[in-house]
Protein chains: 2
Amino acid sequence: MQIGQLATRTETKVETIRYYERIGLLAAPPRSPSGYRQYGQDHLRQLMFVRHCRDLGFSIGEIRSLQALAHDPRQSCAEITALAEAHLSEVRSKLAGLRRLERTLGRLITSCDGRRVADCQILKELGSIGG
Amino acid sequence: MQIGQLATRTETKVETIRYYERIGLLAAPPRSPSGYRQYGQDHLRQLMFVRHCRDLGFSIGEIRSLQALAHDPRQSCAEITALAEAHLSEVRSKLAGLRRLERTLGRLITSCDGRRVADCQILKELGSIGG
DNA sequence: CTTGACTCTCTAGTCAGTATAGGCTTGACC
DNA sequence: GGTCAAGCCTATACTGACTAGAGAGTCAAG
């Protein structure tokens, strides 16, 4: 399978796949005589793993850790759970922050009645007239 | 006021203030004979405005627009409201994404009972054994 | 007169890609 | 066999919003 097909199948851009290879997140595949990358099922699975992790918001460093942990199947998966839990609590604190933001922005918007900038409550609440 | 004091008062790092000046988000202040930046109340207000906007998640481009709009106090503030509303809907879609993430991660974590990596449900759901 | 905290400029690094330039390879059509 | 587009290659630079470091100058206190 060539890089383009792998890209389509995993919904990843070609450049991103090459980038993952460059940073060592995806194993370098063998090449055709002309230098084209030739991917197999293992690469497809590995890239799917990476994509799923990224979709869940794991950083590339975290994915590296997950890959390292996965490498030895006899190890306890407590560390994996711990990593996922740490990530979950990060997600939760981001959620809390965004909820606060939503409230503040909502209040800001309803506080303004849309007349002249001079009386704009939004700008007033934002601190002062900048620029 | 020197840059360090401005930094303390606005809870901004010194480097960030210099960065804002460099990109034109904060007016360049006069300098002392030895080249130190000398800030006044206007700079303080302007930087507070910027910080509040950043805290609310506005991008630097959006802050530039807000500053430009604020520049002419006779203008209607409909554009400002529109900008804030666009930002709010962005925040809401990020919230929705994070909520999905929270559910998925929570499910993933509870699905695993913490034994060997070989049987780890988290890794299984994440796609396959990478590395 | 020396110490230490503060300031200056300039450059490079972060994260996770994305984009571009300039050049090969492949397969289809004529 | 010629030529064209689509696909692939490397290498480099760019993004946003800072952050960090080097190396040097400035200032007040002891």
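The values are calculated or read from the model by the stated rules, or taken from the named source; none is laboratory data. Bear in mind the structure is a predicted one, so any value in this text is a computation, not a measurement. No Cβ is skipped: glycine too gets one built from the backbone with ideal geometry, and neighbour counts run over all protein chains shown. With ligands, DNA and RNA removed, areas are computed over all heavy atoms of the protein, side chains included. Shrake-Rupley method; radii C 1.70, N 1.55, O 1.52, S 1.80 Å.
Enumerate cysteines in chain B without a disulfide-compatible partner, where compatibility requires another Cys Cβ under 4.7 angstrom.
Taking the Cβ cut-off of 4.7 Å, the unpaired cysteines of chain B are B:C53, B:C112.
Run through the other copies and list how far each one's label point is from that of A:S89, in nm with one decimal, shortest first; the point sits 7 Å from Cα along Cα-Cβ.
Result, one decimal in nm: 3.7.
Pop a pseudo-label 7 angstrom from the Cα along the beta-carbon direction at both A:R31 and A:Q5 and give the gap in nm to one decimal.
Label at A:R31, label at A:Q5, 2.0 nm between them.
Taking each label point as 7 Å beyond Cα in the direction of the beta carbon, state the distances from B:R18 to the same residue in the other copies, shortest first, in nm.
Its label point is 3.6 nm from the equivalent points in the other copies.
Place the label 7 angstrom along Cα→C-beta at B:G35 and in each other copy, then list the distances from the first to the rest in nm, shortest first.
List, nearest first: 4.7 nm.
Give the average, rounded to an integer, of partner chain Cβ atoms located within 10 angstrom of each Cβ in B:45-53.
Details: counts 4, 5, 3, 4, 7, 3, 2, 6, 3.
Rounded to a whole number, the mean comes out at 4.
Lysine pairs in the protein assembly as shown with alpha-carbon atoms under 28 Å apart, 8 or more places apart or on different chains: how many are there?
Lysine pairs meeting both conditions in the protein assembly as shown amount to 11.
Note down the nm distance, to one decimal, between modelled labels 7 Å out along Cα→Cβ at B:T110 and at B:R45.
Each label point is offset 7 Å from its Cα along the Cβ direction, giving 5.3 nm.
Over the whole of A:75-85, what's the average partner chain Cβ count within 10 Å per residue? Rounded to a whole number, please. Please list the in-between numbers first.
On the way: counts 4, 5, 12, 5, 2, 10, 10, 2, 2, 7, 4.
Mean inter-chain Cβ contacts per residue within 10 Å come to 6.
Once neighbouring chains are kept in place and the probe is 1.4 Å, which whole percent of the accessible area of the stretch B:3-125 is contributed by carbon and sulfur?
Numbers: 3390 of 6780 Å².
Roughly 50 percent of what the probe reaches on the stretch B:3-125 is carbon or sulfur.
Order the following by accessible area, largest value first: A:S32, B:S89. Probe radius 1.4 Å; ligands, DNA and RNA are ignored.
Numbers: A:S32 20, B:S89 70 Å².
Most to least solvent-accessible, the answer reads B:S89, A:S32.
Taking only complete DSSP H runs, can you tell me which helices of chain A stretch 18 Å or more along their own long axis by Cα positions and average at least 0.0 on the Kyte-Doolittle scale? Could the numbers behind the result be given before it?
Working: long enough: A:41-55 (21 Å, -0.99); A:78-110 (48 Å, 0.02).
Result, helices passing both filters: A:78-110.
Per residue, how many Å² of accessible area does chain B show with a 1.4 Å probe?
Details: 7140 Å² over 131 residues.
That works out to 55 Å² per residue.
Other chains' Cβ within 10 Å of A:106-113 residues: what's the mean? Let's see the in-between values first.
Values: counts 5, 0, 7, 8, 1, 1, 5, 2.
The per-residue average across the peptide is 4.
DSSP loop trypsin sites (Lys or Arg not before Pro) in the stretch A:1-95 with at most 11 other Cβ atoms within 10 Å of their Cβ, which ones? Kindly include the intermediate steps, with their values, before the conclusion.
Numbers: sites: A:R9, A:K13, A:R18, A:R22, A:R31, A:R37, A:R45, A:R51, A:R54, A:R64, A:R74, A:R92, A:K94; in loops: A:K13, A:R74.
Answer in residue order: A:K13, A:R74.
Please identify every one of the GluC sites (Glu not before Pro) in the stretch B:1-100 that sits in a loop by DSSP and has no more than 12 other beta carbons within 10 Å of its own beta carbon. Don't skip to the answer; put the middle values down first.
Values: sites: B:E11, B:E15, B:E21, B:E62, B:E79, B:E85, B:E90; in loops: B:E11.
For GluC sites (Glu not before Pro) across the stretch B:1-100 that sit outside H, G, I, E and B with at most 12 neighbouring Cβ atoms in 10 Å, the list reads B:E11.
Counting only other residues whose beta carbon sits under 12 Å from that of B:T16, what net charge do I get with K and R as +1, D and E as -1? Walk me through the numbers on the way to the answer.
Details: positive: B:K13, B:R18, B:R22, B:R51, B:R54; negative: B:E11, B:E15, B:E21.
Here the count lands on +2.
For chain A, taking Cα atoms only, what is the radius of gyration to one decimal and the Dmax to the nearest whole Å?
23.2, 70
To the nearest 0.05, how large is the calculated FRET efficiency for A:E15 and A:D72 if R₀ is 30 Å and r is the Cβ-Cβ distance?
Values: r = 32 Å, r/R0 = 1.06.
So the FRET efficiency works out to roughly 0.40.
Tell me: how much accessible area in total is hidden between B and A, 1.4 Å probe, Å², nearest 100? Show your work: numbers first, answer last.
Details: alone 9510 and 9540 Å², together 14300 Å².
Result for this pair: about 4800 Å² buried.
Expressed as a fraction of 2.2 N^0.38 Å, the rule-of-thumb size for a compact globular protein of N residues, what is the C-alpha radius of gyration of the stretch A:76-131?
On the way: Rg = 19.6 Å, N = 56, 2.2 N^0.38 = 10.2 Å.
Ratio of Cα Rg to 2.2 N^0.38 Å: 1.93.
What does the charge add up to near A:D72, with Lys and Arg as +1, Asp and Glu as -1, over the other residues with Cβ less than 15 Å from its Cβ?
Details: positive: A:R64, A:R74, B:R115, B:R116; negative: A:E79, B:D119.
Within the 15 Å Cβ shell, the charges total +2.
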